[in-house]
Amino acid sequence: MRLKEGTVPPSGPVSATSGGMPGDVRGPGAFGTGRFGAGFTETGPDESCQDESCQGESCLEETGLRETGRDSRAVSRFLAPASGPGPEEILAGELGKRFSDYRVRWNAAKAFREIPSYPLHVDYELLSACNLRCPMCLFAGGHTAEGRAGRGGQETARVGAEKASGPDRPSAGAPMGGEPVAGTPTDDGPKGAGNGNRSRTKSLSVGLVKELIAEGAARGQASMGFGGLWEPLLSPDVPGLVEHGTRLGLVDSMMNTNGLLLTRDVSRDLIEAGLTRLMVSLDAATEGTYALMRPGSDFGRVTDNVLGFLEVRRALGRRLPLLRLSFCVTSLNEGELQEFLGRWKGVCDFFSVQRYGDFGAGSPVFPRDPPGPEPSGRCAQPFKRLAVRHDGTALPCCDLSGIPLAVGSALSGSLEGVWRGDKIALLREAVLKDSPEALPEACRKCRGKYGPPSWRASWRLACTPVTVSQERQ
């Protein structure tokens with residue numbers, strides 16, 4: 001049986017699955033034993049809590065934070081102030097009925113009740129370059145062929161980042177506040193990826209992305225994101241693309257960034273363009289740990305950039321975009337989560353506490369005590385979103401593990417055929433069977449990489465492990 005858009009899957013809704021949208025902030029849910037730090041738990045006694053009668057919520061309340069949602073795989077957990085409206089309520093209040101209607105459709109898709117006729121959310125990875133070399137990133141660390149190619153533009157990007165302290169806006173083809181990134185086209189150019197002959201760094205053409213945004217806005221898409229697996233602010237085109245989507249009627253737009261190039265001028269451009277969510281990855285509470293987590297960055301500058309963004313937002317009299325700060329738990333920073341939350345509570349709008357995925361056999365930064373529970377095997381991402389990579393490849397999810405699951409190409413200027421195609425339909429059918437044996441190997445690896453070895457073994461990660469040595473061959 002082949003499921004098509006607009007149909008209701010025969011298995012019915014799955015209430016335990018919350019979906020995987022960036023910034024998904026719907027309702028509290030069980031998140032297991034809370035090993036993100038002492039007292040952070042929602043259900044069941046916390047092993048680090050001395051109160052044997054603790055059922056979780058009381059410990060969480062002591063922090064002044066509450067859980068507002070999690071993604072479908074229990075990889076990311078979203079926390080917001082315990083009092084006042086949560087991020088979802090703020091967005092609904094600011095954006096009105098269009099946002100509320102979109103979230104109804106999103107929730108129907110994430111509960112497997114309906115397959116929309118067009119993806120509700122599309123992520124765009126504008127280019128393959130980064131200005132940092134984070135050890136938890138398989139690409140930026142140069143551990144894959146794509147990562148080593150992307151580093152062809154990293155030195156230029158690094159120089160640009162170092163010069164990003166001035167107020168000047170970048171010219172076309174230049175990173176925010178810096179020099180041109182090799183391989184980034186200086187105009188819309190031909191439809192498709194950027195001029196790969198100029199450098200190993202590749203990029204989507206602005207013209208193509210605008211075409212895709214226009215198609216989506218006309219066919220029911222409500223949300224878009226910028227980031228992917230590289231740094232979006234190395235492209236100067238993000239504010240213009242956000243403005244393009246806002247003008248055409250997309251109600252929700254978001255961006256993930258390391259924050260190094262988030263100058264006040266860039267913040268102003270993004271706010272005025274209509275960005276609704278800004279997600280900055282900090283991953284540390286102290287400068288020393290930040291240097292380990294984010295090599296090539298500057299803790300003081302990024303902190304100033306985040307505070308500067310808030311100052312600009314306040315000066316413009318805006319409530320949006322909401323600011324989310326992210327903390328990916330690894331062996332390098334696991335002792336700083338409490339301090340991180342305490343330092344930024346009341347400053348940012350909400351947090352994302354993320355589990356680090358072990359991409360290979362025994363990552364050196366894998367946390368000693370990975371936060372549980374076992375991730376959900378039923379992933380709703382292929383039912384609600386697509387991701388477009390820098391070379392035009394269309395993926396059914398936003399995770400690195402999804403790269404082998406390419407379901408088509410966006411280089412034709414359309415995603416409608418990809419969304420209705422046989423490849424993604426077969427993947428949806430496999431997900432609905434709710435069985436490890438039915439899932440593609442890439443999905444099994446995704447489920448298993450976030451937990452201890454017993455989880456990975458149970459999901460057959462040992463069948464063909466992706467190790468660094470294999471990637472380098």
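The values are calculated or read from the model by the stated rules, or taken from the named source; none is laboratory data. None of these values were measured; they are calculated from a predicted model. Here the Cβ positions follow ideal geometry from the backbone for every residue, glycine too, while neighbour counts run over all protein chains shown. Calculation scope for accessible area: heavy atoms of the full protein, side chains included, ligands and nucleic acids excluded. Shrake-Rupley method; radii C 1.70, N 1.55, O 1.52, S 1.80 Å.
Quickly run through the range 385-397 and pick out the residues that are surrounded by 23 or more Cβ atoms within 10 Å (Cβ to Cβ) and in contact (Cβ under 8 Å) with a residue 24 or more places away in the chain.
Matches in the range 385-397: Arg385, Leu386, Ala387, Val388, Arg389, His390, Ala394, Pro396, Cys397.
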*Any idea how many residues of the range 304-329 are open to solvent by 30 Å² or more (accessible area, probe 1.4 Å) and assigned to a helix (DSSP H, G or I)?*
5
*Which of (1) closer than 14 Å to Met136 by Cα; (2) aliphatic (A, V, I, L, M); (3) touching a helix residue (DSSP H, G or I) at 6+ places or on another chain (Cβ under 8 Å); (4) open to solvent by 10 Å² or more (accessible area, probe 1.4 Å) is the odd one out, the single condition Leu282 does not satisfy?*
(4)
_List the residue pairs whose Cβ atoms are under 6 Å apart, where the first residue sits in the range 437-450 and is modelled with pLDDT under 80, the second is of a type in the set (Phe, Trp, Tyr) and crowded, with 21+ Cβ neighbours inside 10 Å, and the two are 6 or more positions apart or on different chains._
Arg447/Trp459; Gly448/Trp459
*Restricting attention to the range 398-414, which residues are surrounded by 18 or more Cβ atoms within 10 Å (Cβ to Cβ), assigned to a helix (DSSP H, G or I) and aliphatic (A, V, I, L, M)?*
Leu400, Leu405
*On the given criteria, is Pro116 touching a helix residue (DSSP H, G or I) at 6+ places or on another chain (Cβ under 8 Å), part of a loop (DSSP other than H, G, I, E, B), modelled with pLDDT of 95 or more and not aromatic (Phe, Trp, Tyr)?*
yes
*Report, by residue number, each residue of the range 254-301 that is polar (S, T, N, Q) and assigned to a helix (DSSP H, G or I).*
Ser267, Thr289
*Just checking, which of Leu79, Leu60 is at pLDDT below 75 and not in a loop (DSSP other than H, G, I, E, B)?*
Leu60
_Looking at the range 330-348 only, could you name the residues that are open to solvent by less than 20 Å² (accessible area, probe 1.4 Å) and assigned to a loop (DSSP other than H, G, I, E, B)?_
Thr330, Asn333, Cys348
_Within the range 87-112, tally of residues that are assigned to a loop (DSSP other than H, G, I, E, B) and either surrounded by 14 or more Cβ atoms within 10 Å (Cβ to Cβ) or not small (Gly, Ala, Ser) (or both)_ = 2
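Any idea which of Gly207, Gly240 is open to solvent by 10 Å² or more (accessible area, probe 1.4 Å) and in contact with a Lys or Arg (Cβ under 8 Å, 6 or more places away or on another chain)? Can you show your working first?
On the way: Gly240 fails: in contact with a Lys or Arg (Cβ under 8 Å, 6 or more places away or on another chain).
After ruling out the rest, the residue left standing is Gly207.
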_The one condition in (1) modelled with pLDDT under 90; (2) closer than 30 Å to Ser117 by Cα that Gln354 fails to fulfil_ = (2)
